[in-house]
Amino acid sequence: MENNDRPLADIFNEIFRNLKRAENEEEGIDLKKNAAQSLSLKMKVQSLGTFSSNESIDEVSNKSLKYFLCAYFEGYFRLKMHDSDPALKTNEAVTRCFLEFLKNLNDYDIKRKVQVTSDPRQARIEAHKRKKYLEENLKKFEKEQKEDSVDEELERKYWLENIELYEDKANSSMESLKREIPFLKMREAGVKPEKPREPPIKTKPMIIAKNEQMKKVLGLGYPSAPIYTVEEFGDRQVEIMEKQAKEKAAWEAQQPLVDPYKEMTEAEEETQRRKDQRMDEHRDYVRRGDGNRKNMG
């Protein structure tokens, strides 16, 4: 049956099931198809005038509440595709979907009010607790309720809690999308990331003997450990330092030259000003009694 002939509720339920499967990392989900179906469902809901900017959330029926999630569905499936092949264009498309979802919540005054706190860590902990609480509540409802005998009040609470849960997920996804924009712009501009430096060579335990005679004697007792005379060890260290110097010179030759007399742009001046300000404001707090306590009895 084509989507044009199917009831909206059936299309919604199918997309919602696929979203939950995708969240559980199940395979065999057609992300592109689900994104297209989510967009089509959203357009149908809009054409039917299911929501109106002149009404409040209390005027939205229980059966219509779930359709607030349509824009999130589209954004989620587009995000899954974006993650497999990140690009600035797809980043913008996903962001638009989530912004549309959040705008609808804001229009109906159901967007959760975020409390400003001076402790970001505590705020993250509280947000995580709230997320777990919502997920447990929703699972409990889905397990206990039957479709033909759903309590209207519990059903309304169920969809409102779903909306709150996916609002948090949309905000979290948008933060990640915002952080990756500078890297996507650099990649599209052809800027290649710096190659990581090779880790330093780990030196194995060795024995340094005073002369050749001592080297032969010590070699009998420690056959697995390399043994050098003082002169051989010195030559080996010179070779290592020369190699390191060549590698450093080659790396520095690849770095762009910095002109100390070049005038900075306004953005660069602002960045430098903030950096200098942070350095000026830094205080190294040392408690009384800390530090070197050697020879204090």
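If I stretch the segment between ASN171 and VAL238 completely, what's the gain in nm (0.36 nm per residue apart, minus their alpha carbon distance), one decimal? Display every interim value, and only then the final one.
Values: separation 67, 0.36 × 67 = 24.12 nm, distance 5.60 nm.
Length gained between ASN171 and VAL238: 18.5 nm.
So if R0 is 45 Å, what FRET efficiency would GLU126 and ALA245 give, r being the distance between their Cβ atoms, rounded to the nearest 0.05?
Here the calculated transfer efficiency is 0.25.
Under 10 Å, Cα contacts only: if you run a Gaussian network model on the chain, which one of VAL217, VAL60, VAL191 comes out with the highest mean-square fluctuation?
In this elastic network of the chain, the residue with the biggest mean-square fluctuation among VAL217, VAL60, VAL191 is VAL217.
Between (i) 32; (ii) 51; (iii) 57, which entry matches percent of Cα pairs over 32 Å apart as derived from the coordinates of this structure?
Checked against the structure: label (iii).
List the pairs from LYS89/LYS143; LYS42/LYS131; LYS103/LYS157 whose alpha-carbon separation is above 29 Å, in the order I gave them. All intermediate terms of the calculation are to be shown ahead of the outcome.
On the way: LYS89/LYS143 40 Å; LYS42/LYS131 26 Å; LYS103/LYS157 21 Å.
Pairs exceeding 29 Å: LYS89/LYS143.
Springs between alpha-carbon atoms under 10 Å, Gaussian network over the chain: tell me which of GLU188, GLU239, GLU136 tops the mean-square fluctuations.
Per the Cα network of the chain with a 10 Å cutoff, GLU239 tops the list.
What does the extension gain come out to for ILE181 and ARG197, with contour length at 0.36 nm per residue minus their alpha carbon separation? The partial results should precede the final answer.
On the way: separation 16, 0.36 × 16 = 5.76 nm, distance 2.51 nm.
Stretched fully, the ILE181-ARG197 segment lengthens by 3.2 nm.
Read-outs throughout are calculated quantities, based only on the coordinates presented, and are distinct from any laboratory measurement. Keep in mind the model is a prediction, meaning the values are calculated, not measured. Please note: Cβ atoms are built from the backbone with ideal geometry, for glycine as well, and neighbour counts cover all protein chains shown.
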